[in-house]
Each structure stands twice: as structure tokens, then as C-alpha cells.
Amino acid sequence: MNDDGTVKRSALPAIFNPEDLNALELALQIKDKFGGHITVITMGLPAASEILRDSLFRGADVAILLTDRRCAASDTLATSYILSCAVKKTDYDIVLCGRQAIDGDTAQVGPQLAEKLGVTQITYVEELTELEGKTITARRNIGNGWQQVKAALPVLLTVTGDANEPRVAAARKMMKYKNALAPIEVEQKIKAENPDADEADIKELVAHKCSKLEDKGLLIKQWDLDAIETDLNWCGQSGSPTKVHRIQSVVLAAKETKQIEPSEEAIADMIHELIEDKIIA
Amino acid sequence: MIDVNRKGEVWIFAEQHNGQLEDTPIELISKGRHLADTLGVKLAAAVLGDGVKDLATKLIHYGADKAYIAEHPMLGTYQTNSYAKVMYDLIHKHKPQIVLYGATIAGRDLAPRIASATKAGLTADCTDLQIGDHTTVKDKKLHKNLLFQIRPAFGGNIIATIINHDRWPQMATVREGVMPMPEPDVKRKGKIIEEKVQLAQGDLPLEILQEHKRPKKVDLKASRIIVAGGAGVGSKDNFKLIWDLANCLGAAPAATRAAVDLGFIDHDHQVGQTGTTVRPSLYIAVGISGAIQHQAGMSQSQKIVAINNDPEAPIFGIAHYKIIGDLNDVVPTMIKTIKEKAIK
């Protein structure tokens, strides 16, 4: 945790959020069946490039790393605003998101992003049943059953873990994209390899390496908040209405704990006591 | 953005489907009542639908002071855009300081859309709500009587209290079963306000082709005894132990999220922050370590029996009876003992 109670992201490994993998898989299935072009966008620290490479291994066409220190401490509202600015820079018909992240479990970014883009949202998608011309039909979970809905594109879907079984990385693509890098990773690498070089030299080396990667189609696109023309008031801390008041470690405790030996006799006594106390009828 | 209105009411979104109120808005009334009384403001329910006027009286009986009724043929079936638009208009007009939603599928679909439109804060899946003061770190400014939005946070046994002090309204979703159901008082009187609804065809972007509802596989909330298994049970086959123990006690079988994710049992059986919140007389936790997200859903059980081979398992901290041992021995012994007692 940081001092302000927000999560210290740098201390965590970048992982592919499970339901985002389901969203990517659904995108790949759409591409397989109907054609199309898949762009994967992630907002995070440079280490998030790992997820982008993984997306390329699985079949995504373009990967974009959205990284900027000014994104730090963004809550779901600020995150969805920043993502909306990035998505608006692309040409899209369908935006797919995982239903929720496994850390916060809020399931808020999808609907908030849909509102910011002004597109129809279909949440809790379990299956894409039809895509014809400019209309989409999908089956969504409604808790106690399902609902089949039809909407005109563009739409935003949030995809649940039940939607599909994400495919594994393709060996051929892995060979191709294992060396794909984002500019910030290139810079980190060159700095590590040339500890004595001055800034100008580093800059030149980075530019050179990036253009080489780009020629080979191995440069992961990298955007900062300026590149996507955000209003900084709506990003990071200032764009986040929710603040952490307090974080507490909790030790919930029973008033009285009885230890029961795992013996037949002790267990029988416990059952007897529960019956006496009318806990078991 | 909505102006900060410290005299604003406390609102609950009264989710209904086909004229039937969900349980969550009624549960929210009990907490909302307390918040409104602490702030000295009115508690109001916002009811959206078609032909839902009689729900207003019901909500008042449960403890609301007011009900805002927004009726329109286009609100007959829940849809994100139409409901979000009407709620947005109502919030703009009446400027409540707090708006609470059930963390149901519809609530989790709707609340973030409204939060985005109003540029307000929203905290998901709160397990408690309180009123309190907050001093901002930077300028040491005191903000009195804010909504404390309390929820388990990830990364261990941590509870986070979230606030918003500069954006209105303060909004949160609350899981079903977290707050107790109040008793209705049929003599209670309140004010029913009918609102004008303005909707256009574009506000219904979805065409609902088909809907299929199935009854829940298990009603955990209504069960007096629950036998729950965790990842420690090991396999779907071995989960039969949980079913057997549940059967001989007339109990409902349940599970942790980990066990559900491993495919041991259907999600309907999940207890915890992202499952059902339960408060049975007896909760038997088998092979459950006791993550805070799970404890959030069962810690209010009257008696808790925990069986785990790890003496350090956090579940033991809240258990009334702790059995350190192999569940594969302990559970069959329990089944045998219970069957013998039943014969006597």
C-alpha cells in the first residue's frame, strides 16, 4: 500500500486479468468468424507490456501501452475517462472488456467507459450469438437466468469467465513477437546496457532501436496522456472522486473458541453440545 | 457535476422486476434509515418502472419517508440507458447527498453508468456504511458527516473505508444479504411523489429477444445450517463429503469462491463478498482458509465450526469450534455421529 491508502502497483506483478482473457478470446473468435482487426489497450506501468506481448502471442493485431505517471491513483472513474480518450483514438465497432478485475472486483470500468464513449453497453456477456452487418446479438447473464439482446454497433461488451475457454499462445506468434518491446522498455534496456552513456546518446540509441523494431512490426505502441489529449483534471488523483479514508487490518475473532480434537469422542461431544444449544435441530 | 448539498436526502434505488421488489432495496432501507437519521435528513426510495405505484407504500412501510415514482411504458423492463437517464434526471433535480444501490446484476450495470454521467464516486460491494468525518491530508480541511463506504480490499485481511468529499452524490453498491431485512410497519405513513418521465426511442438501444429465468439452485439466505467447502476439499469428487454432511444435517451445501472457480460446485452456492452473504445458526467451514472476502459473507453466523489441517488458517480466528485435522477423517466421523444421534 502507498501512504495514501492506494495500491502500490509497482510491488505487484503485472498479470493478465482472467476475464480480460475471456474478452480477448471473444474478440479473436469474432475475428476468426467475421474478420476484423483487434487492438489491445492496457493502462499500467511499463511492466504491463508483458500482457500486451501475451495478447500478440494469442492473435491480437495491435498492442498499445498506455503509461504515464499522471495516471497514478486513478479510481474507476478516472481510469474509464483515460481509457475512453485512448479508445476514441482508434476506429472501433466493438469494445470488449472483462466483466471485472480480480483485485477490486468492482465491475465498474466497463459501464463507465461505455458511458464516456456514449455507446450501448451489454454487460455480463456469456455468448455472442450473432453479428450481422451493424447489429450484434448476445446472451447475457441476468443472475437468475439469461437474456438475449440485440443492439446496433458500436457497443461495449463486458465478458464473463463463462463465455469461453481462452486459447493458448500460438508457438509461431510467440517466436515472432517474443522480442516485441514498448519504447519505455527499450529505454530501460539500453540504459542498463550502457550505464555510462549520457542522455543524448541514450536517446539516439533508443530512437535507433525503436525504428528497427518498428520496421519488423515489433514495436508496441506507447501512448501517454498527452498523446490521447486528456484533460488532466479528470486523470489520476484529481480525477478520482473516491479517496481512501482509512485502511484497517482486521482480526475478526469469535468470543470464545473451543478446540475440538479430531477424535470420534470429541466430535460426538461437540455435536451433542450443538443439539443441546438447539443449533442443530 | 452535482452541487454539494449537505441537506440532501439519502436515497435508495428500489430495484424491481415485473412489479416485484427485490430483497436488496428493502435491506438497504434498514441501513439507509440509520444513515438518514444520523444526518437528520429524509430517506427516500426511487422507484422506476411501469405500473409500480403500489410499491411506494410497501417501501414506506419498511422505513422510507418518501418514494419518488417514475412510471413510463418504456421503463417496463430494465435497460441500462433508460434507467440511467431517469435516475440521472432525478438526481439532478433533487440533489440527494447519498444514493445506494443493491450490488445485483442490474445494480452493477446501472450504478457505474450513473456515476460516470454525474462524475461522482462509486464504491462497489460495500459491507458496511457509516457516517463520519474526514480530514484531508494536504490542506487539513475537516469534512464532516461523510458517507463511510466500507468494503474488504484486496491483499489480505484488509478493510478499506472509502469516502468522497468533493463530488456529490456519494454512491455505493451493497451486496444482497449484507444488511438485515427490516420488519414492515403497515401504519407507517410517507410521501409519494410522482415524477414526470421524459424518454425517447433512442433511450432503449437494446432489443430484448428472449429471456429465460431459472430458479436458484439453492437458497442459502434461508438456510439455518450451511456446510461450506473450500479449495482444501481438493476435488469435485471429494466435494461429495460436503453434500453428504449437508444432507444428513438438512443443511445447504456452499462453497468459497476458490472452490467455485475450481469447478467443485455451481456459483449459486458461493458464499462471500462476490457470492451470497449468509447468517445461519450454524456454519460448518470445511477446508476453508478464511480469506476476508469469504469471512465478509459468513462472519455473522451464530455458530461457526471450522475444520482445517492448517492450525494457522485465519478461519479459526472467527470459529467457535476449531478442529485441526484432516477433513477426510473429520467429516466422515461427523456424518457417522450425526446419523447415530438421529437414531437415538
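Remarks
- Residue that is surrounded by the most Cβ atoms within 10 Å (Cβ to Cβ), among those in region B:126-158 that are within 16 Å of A:Ile247 (Cα to Cα) and charged (D, E, K, R): B:Arg151
- Selection within region A:229-255 - surrounded by fewer than 17 Cβ atoms within 10 Å (Cβ to Cβ) and either in contact with a Leu (Cβ under 6 Å, 6 or more places away or on another chain) or at the interface with chain B (Cβ under 7 Å from one of its Cβ atoms) (or both): A:Arg246, A:Ile247, A:Gln248, A:Ser249, A:Val250, A:Val251, A:Leu252, A:Ala253
- Qualifying residue in region A:132-150 (condition: outside any loop (DSSP other than H, G, I, E, B), modelled with pLDDT of 95 or more, among the acidic types (Asp, Glu) and out of contact with any Gly (no Cβ under 8 Å at 6 or more places or on another chain)): no
- Boolean, B:Ala200 is surrounded by 14 or more Cβ atoms within 10 Å (Cβ to Cβ) and either under 30 Å from B:Ile12 (Cα atoms) or assigned by TED's automatic domain parsing to the domain that holds B:Ile335 (or both): no
- Selection status of B:Gln79, among the polar types (S, T, N, Q) and within 11 Å of chain A (Cβ to nearest Cβ): yes
Condition check ((1) within 28 Å of B:Gly202 (Cα to Cα); (2) outside the structural domain of B:Lys95 (by TED's automatic domain parsing); (3) modelled with pLDDT of 95 or more) across all residues:
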residue	(1), (2), (3)
B:Met1	yes, yes, no
B:Asn5	no, yes, no
B:Ala14	yes, no, yes
B:Leu28	no, no, yes
B:Thr38	no, no, yes
B:Lys42	no, no, yes
B:Ala46	yes, no, yes
B:Lys66	no, no, yes
B:Pro73	yes, no, yes
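- Residues that are in contact (Cβ under 8 Å) with a residue 12 or more places away in the chain, within 12 Å of chain A (Cβ to nearest Cβ) and in contact with a Ser or Thr (Cβ under 8 Å, 6 or more places away or on another chain) number at least 2 in the following strands (runs of 3 or more DSSP E) confined to region B:152-204: B:158-163, B:170-174.
- Here A:Tyr81 passes the criteria (1) outside any strand (DSSP E or B); (2) hydroxyl-bearing (Ser, Thr, Tyr); (3) touching a strand residue (DSSP E or B) at 6+ places or on another chain (Cβ under 8 Å) except the one numbered (3).
- Residue, nearest to B:Asn308 (Cα to Cα), within region B:266-292, restricted to residues that are away from chain A (no Cβ under 13 Å) and touching a Pro at 6+ places or on another chain (Cβ under 7 Å): B:Ser289
- Of residues in region B:82-103 being out of contact with any helix residue (DSSP H, G or I) (no Cβ under 6 Å at 6 or more places or on another chain) and under 26 Å from B:Pro180 (Cα atoms), the one farthest from the other protein chains (Cβ to nearest Cβ): B:Pro96
Table: residues versus (1) within 12 Å of chain B (Cβ to nearest Cβ); (2) over 14 Å from the mean Cα position of the chain (by Cα).
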position: A:Ala73; (1), (2): no, yes
position: A:Leu77; (1), (2): yes, yes
position: A:Ile102; (1), (2): yes, no
position: A:Gly110; (1), (2): yes, no
position: A:Leu117; (1), (2): yes, yes
position: A:Gln121; (1), (2): yes, yes
position: A:Val125; (1), (2): yes, yes
position: A:Thr129; (1), (2): yes, yes
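- B:Gln210 meets the conditions (1) of a type outside the set (Ser, Thr, Tyr); (2) exposed (fewer than 14 other Cβ atoms within 10 Å of the Cβ); (3) more than 14 Å from chain A (Cβ to nearest Cβ) in every case but one. The failed one is (3).
- Residue under evaluation A:Ala101, criteria (1) in contact (Cβ under 8 Å) with a residue 60 or more places away in the chain; (2) over 18 Å from A:Ser80 (Cβ atoms); (3) surrounded by fewer than 21 Cβ atoms within 10 Å (Cβ to Cβ); (4) of a type in the set (A, V, I, L, M), criterion not met: (2)
- Residue selected from region A:207-237 under the condition closer than 12 Å to A:Cys71 by Cβ and assigned to a helix (DSSP H, G or I), by the criterion farthest from the chain's Cα centre (by Cα): A:Leu232
- Checked against (1) within 14 Å of chain B (Cβ to nearest Cβ); (2) surrounded by 14 or more Cβ atoms within 10 Å (Cβ to Cβ), A:Ala180 passes all but a single condition, namely (1).
- Test result for B:Tyr68, among the aromatic types (Phe, Trp, Tyr) and more than 12 Å from chain A (Cβ to nearest Cβ): yes
- Only residues that are within 10 Å of another protein chain (Cβ to nearest Cβ) and buried (at least 17 other Cβ atoms within 10 Å of the Cβ) were counted across region A:161-177, and they come to 1.
- Enumeration of residues in region B:166-186 that are surrounded by fewer than 23 Cβ atoms within 10 Å (Cβ to Cβ) and closer than 26 Å to B:Ala296 by Cα: B:Glu176, B:Gly177, B:Pro180, B:Met181, B:Pro182, B:Glu183
- Residue in region A:101-110 that is closer than 23 Å to A:Lys33 by Cα and either in contact with a Ser or Thr (Cβ under 8 Å, 6 or more places away or on another chain) or not in a helix (DSSP H, G or I) (or both) present: no
- Taking the criterion of being more than 29 Å from A:Glu165 (Cβ to Cβ) and in contact (Cβ under 8 Å) with a residue 12 or more places away in the chain, the residues of region A:46-79 that qualify are A:Pro46, A:Thr67, A:Asp68, A:Arg70, A:Cys71, A:Ala72, A:Ala73, A:Ser74, A:Asp75, A:Leu77, A:Ala78.
- Hey, B:Gly250 under 30 Å from B:Pro215 (Cβ atoms) and either of a type outside the set (Gly, Ala, Ser) or more than 10 Å from every other protein chain (Cβ to nearest Cβ) (or both) or not: no
- Qualifying residue in region A:249-267 (condition: closer than 30 Å to A:Ala60 by Cβ and not aromatic (Phe, Trp, Tyr)): no
- Hey, B:Thr77 over 30 Å from B:Glu207 (Cα atoms), among the hydroxyl-bearing types (Ser, Thr, Tyr) and surrounded by fewer than 24 Cβ atoms within 10 Å (Cβ to Cβ) or not: no
- Residue-level check: of (1) modelled with pLDDT of 95 or more; (2) closer than 28 Å to B:Arg113 by Cβ; (3) surrounded by 17 or more Cβ atoms within 10 Å (Cβ to Cβ), B:Leu241 misses just (2).
- Enumerated strands (runs of 3 or more DSSP E) restricted to region B:34-144, each holding at least 1 residues that are hydroxyl-bearing (Ser, Thr, Tyr), touching a residue at least 40 places away in the same chain (Cβ under 8 Å) and on the phi < 0 side of the Ramachandran plot: B:66-71, B:98-102, B:122-126
The values are calculated or read from the model by the stated rules, or taken from the named source; none is laboratory data. Just so you know, these numbers come straight off a predicted model, no measurement behind them. Every residue, glycine among them, receives a Cβ derived from its backbone with ideal geometry; neighbour counts consider all protein chains shown.
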